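Down below is the structure, laid out as structure tokens.
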Amino acid sequence: MTMDEEQIRQESADEKLINDAFQELLDDYLSSRHRKKVDLITKAFNFARQAHKGVRRLSGEPYIMHPIAVAYIACHEVGLGSTSICSALLHDVVEDTDYTVEDIENIFGSKIAQIVDGLTKISGGIFGEHASAQAENFKKLLLTMSDDIRVILIKICDRLHNMRTLDSQPANKQYKIAGETLYIYAPLANRLGLNKIKSELENLSFKFEHPAEYTSISKKLEHTQLQREQLFDQFTKPIKESLNKMGIQYEIKQRVKTPYSIWSKMQNKHVSFEEIYDILAVRIIFTPRIREEEVNECFNIYVAISKIYKSHPDRLRDWLSHPKANGYQALHVTLMSKTGQWIEVQIRSDRMDETAEQGFAAHWKYKDGLEDEEYTEDEAELNDWLRTIKEILDDPQPDAMDFLDTIKLNLFASEIFVFTPKGEIKTMPAGCTALDFAFSIHTFLGSHCIGAKVNHKLVPLSHKLQSGDQVEILTSKSQHASPAWINFVSTAKAKAKIQAILRRENREIQKKGEEILQEFLKKNGFESSFNIIDQLAEFHEIHKRNEFFIALGEKTVLLGEKDIDELNGKNKKSENKGGWRKYVPFISSKKTEEDEKQDLFVVPEKFNKKKPIFISEGNINQYKFPGCCHPIPGDDALGYIDNKNQIEIHKRTCPVAAKLKSSYGNRILDIKWDMHKKLYFDATIRLSGIDRIGLLNEVTQIISSQMNVNIHTVNITCEEGIFDGSIELRVHDREDVKSIIDNLKSVTDLKEISQIM
């Protein structure tokens, strides 16, 4: 076959692939409840196809397949209409081609142009290599979201398709994108009620960050599937009989926990896969006879099934009367099966089920054909959330990382319901305090708050509120915000407002500090420069210039002779003032003076970040190992290029690494271990069980004598016949830890064994 024939064959195959994908999108759109604007969608498709002509993705497929896939997700999985589908088809045109937003507006109108413009502003490419790009990106994302919710919905669809096709990216990019997804996009999807998408985003992130664990849990789920199906059939048989007698139109589904949520529970509760008992849940979805009576029908079903199985008194969750802030409505009850297992049953109507899967964002005020209708209660709730974010953005924090954390507090929080003195219901995040509540009502109320009355009893600012509390805020004009207040609040709004008040006050102190420093430098013959200021700040173990100026202004730092010596280089260099350490293994069979003297590796200018870094016995001392997560050989790890161009090594599960992936994604590297069991590292194993004479002796015998592992420290407590404790060991790698845990499982009365991550 000639080159020309091969090209014609390839073009023909591409043509078929593209046309089939677009036809699938059109078929799905035509089967929806939307007004049928096929001509507009076809016009957008042809325009995007022409604009991206000849361009391919890393996977090798024509680029236009990506916008089609994003549009399909928007239509099929989020339930959006023609405006969103067109915007999804055109979402990369302005960024990747010569067309402008004005061109889009002239051809497709202002609404589609506005959404495409919003999507272009928040795309990752325009920030280049700047630090904190993703956090800044996120600010813009939220700003544009306030204008049209469809911007964020299409962005989530875009991220979902990128995650589904992440295999074609190099490993360092996979960690960056997966980390960002878990940190930002999954919580956003959850907050907007997109439960199905949230679960898939979490699962895909888990698959790329921890492939071995993902495969292991997936296989275990596969092997236990038959057993679960038998339990499901056995458990639901009497329920079906009861519902049939009641004449209810229903379907019963089994909901199986995702590998990510199973793994999260294993990490948080320090349990094995076999010890997780709520992998299976049962979902009853019914069509109500009368739509207005659907809440009553939920309770009727609950009464009927609790006559068959005993219900758990503490595990009834009623989200019918007070839906979650993301619109979720259902009744959850936990029942004892005949096999002795607690099984959660979720009861919801078909309407509630659709909202749970697609989210009320899909039924937003901008949905095609609904522009002129009034808000529903759900949409008013979402509007409140967007308004809160807008308030935070009006006074954005200087540090983008802080901003991410602030927003994240609101994204993840579960809700409680509290009452004002007049009996109005306010939704607040769980764990919020009286001071949070004060700021949620008004900034003036918060900044002058001296305490509160909760259920008519006087409580301090830091008092944590419970669902059902009635709260009255007490104020005084002489009261002012203090730095300690940051510790009394958990909501994003309150934190942002307190920090804004404190920043205003700090500006004066900071100015005073700058003047003191300038005077000191001038008096001692030094020219003021950023390098000198940073050197002095580091000498006083302060990491930010602003904080150093404030310390000078408040007189908590006084400049003197030692500072002059530091600037003249007379002080002894005290290495390693930061929180990192050189990895000095405890025992080494071939430890030389050369190893001790090894300098830290400095990343050169033209460094290939796509290639993995292999850590071996010979170069381990060239990398920084921060104290936040203590990675050891065998751990899923990543590298981060810090501000000194040196490389920090973190576990991929490390909370610090999660922030780095989200905010400094272009500095992330892939790390591989190339160790040969020559060095030793710390690892801790947690144990608990029934206490008896000789138990600890048995445990230490297995570890020390049989496995020849050095025990560093033992910490055991015993109460009422139950013991709990931890053993710190010196091991070569994660494989050693697994072998020790497997061997300890043979000890009678040892009930739980897990590794502390």
LEU502 versus LYS745, label points 7 Å from Cα toward the beta carbon: distance in nm? 4.8
Exposed-loop cut sites defined as GluC sites (Glu not before Pro) in DSSP loop states with at most 13 other Cβ within 10 angstrom; longest site-free run of the chain spans 130-370
Compactness summary of segment 406-514: radius of gyration and Dmax from Cα atoms, Å, are 14.4, 50
To check you understand DSSP bridge types, tell me what percent of the beta bridges within the chain (both residues inside) are antiparallel, rounded to 5. 85
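Can you tell me the length gained on complete extension of the stretch LYS237 to LYS611, counting 0.36 nm per residue apart and subtracting the Cα distance?
On the way: separation 374, 0.36 × 374 = 134.64 nm, distance 5.52 nm.
Net length gain for the segment: 129.1 nm.
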Need one value: the accessible area of ARG387 in square angstrom, 1.4 angstrom probe, rounded to the nearest 10. 130
If you average 1/r across every pair of different Cα atoms in segment 650-743 and take the reciprocal, what Kirkwood value do you get, in Å? 15.8
Segment 642-750, dipole about Cα centre (Lys/Arg Cβ +1, Asp/Glu Cβ -1), debye to the nearest 20: 700
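Could you work out the helix-only [θ] at 222 nm for the chain, with each DSSP H run of four or more residues adding -39,500 (n - 2.57) and the total divided by the number of residues, to the nearest 500 deg cm²/dmol?
Numbers: 29 runs with 349 residues, N = 757.
Computed ellipticity for the chain at 222 nm equals -14500 deg cm²/dmol.
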Charge dipole (debye, nearest 20) of the chain; +1 at Cβ of Lys and Arg, -1 at Cβ of Asp and Glu: 1200
Which far-off residues, 5 or more places away or on another chain, put their amide H under 5 Å from the one on GLY451, with H placed in the peptide plane? LEU474
For segment 227-324, just run the numbers: alpha carbon Rg, then divide by 2.2 N^0.38 Å, N being how many residues it has. 1.25
What full-extension length gain, to one decimal in nm, is calculated for LEU558 and THR215 as 0.36 nm per residue of separation minus the Cα-Cα distance? 117.7 nm
Would you compute, for the Cα atoms of segment 151-227, the largest minus smallest coordinate along each principal axis and list the three values in descending order, in whole Å? 43, 31, 18
Identify, among PHE437, SER32, SER84, the residue whose Cα sits farthest towards the positive end of the charge dipole of the chain, taking +1 on the Cβ of Lys and Arg and -1 on the Cβ of Asp and Glu, with the dipole about the Cα centre. PHE437
Can you grab the distance from the C-alpha centre of segment 25-79 to the C-alpha centre of segment 209-235, Å, no decimals? 35
Please list, by residue number, everything in segment 449-482 whose backbone N is under 17 Å from a paramagnetic label point 7 Å out along Cα→Cβ of HIS442. 449-453, 471-481
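Express the relative contact order of the chain as a whole percentage, based on alpha carbon pairs under 8 Å and six or more residues apart in sequence.
On the way: 1143 pairs, mean separation 74.1, N = 757.
After rounding, I find 10 percent.
Here is the link list: LYS173/LYS497; LYS544/LYS606; LYS219/LYS245; LYS269/LYS544; LYS422/LYS495; LYS307/LYS751. Which ones come out longer than 32 Å on Cα distance? Can you show the working numbers first?
Details: LYS173/LYS497 35 Å; LYS544/LYS606 29 Å; LYS219/LYS245 39 Å; LYS269/LYS544 37 Å; LYS422/LYS495 26 Å; LYS307/LYS751 34 Å.
Too far apart for the 32 Å limit: LYS173/LYS497; LYS219/LYS245; LYS269/LYS544; LYS307/LYS751.
When a/c reaches 1.5 or more, the comparison of a/b and b/c decides; with that in mind, is the chain rounded, prolate or oblate per its Cα gyration tensor?
Details: a/c = 1.28, a/b = 1.17, b/c = 1.09.
Rounded, because the longest to shortest axis ratio a/c is under 1.5.
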Label-point gap, in nm, between ASN46 and CYS718 - each point 7 angstrom along Cα→Cβ: 8.3
Which of ILE343, ASN46, THR491 sits farthest toward the positive end of the charge dipole of the chain, with +1 on the Cβ of Lys and Arg and -1 on the Cβ of Asp and Glu? ILE343
Cα convex hull of segment 1-82: how many Å³ per residue? 92
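Please work out the FRET efficiency for the pair GLU293 and HIS456, using the Cβ-Cβ distance as r and a Förster radius of 25 Å; give the result to the nearest 0.05. Please list the in-between numbers first.
Numbers: r = 37 Å, r/R0 = 1.47.
About 0.10, to the nearest 0.05.
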Trypsin sites (Lys or Arg not before Pro) within segment 668-712, DSSP loop, no more than 12 other Cβ atoms inside 10 Å: ARG692
How large, in percent, is the carbon and sulfur part of the accessible surface of the chain at a probe radius of 1.4 Å? 49
Among SER414, VAL93, SER168 - extreme Cα towards positive end, dipole of the chain, charges at beta-carbon: SER414
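Taking the solvent-accessible surface of protein heavy atoms with a 1.4 Å probe, what is the per residue accessible area of segment 631-733 in Å²? Could you put the intermediate results ahead of the total?
Numbers: 4490 Å² over 103 residues.
I get 44 Å² per residue for segment 631-733.
The values are calculated or read from the model by the stated rules, or taken from the named source; none is laboratory data. Please read these numbers as outputs of a predicted model, since none were measured by experiment. When we count neighbours, we look across all protein chains shown, and the Cβ atoms used for this are built from the backbone with ideal geometry, even at glycine. The accessibility values were calculated without ligands, DNA or RNA, using every heavy atom of the protein model including side chains. Shrake-Rupley method; radii C 1.70, N 1.55, O 1.52, S 1.80 Å.
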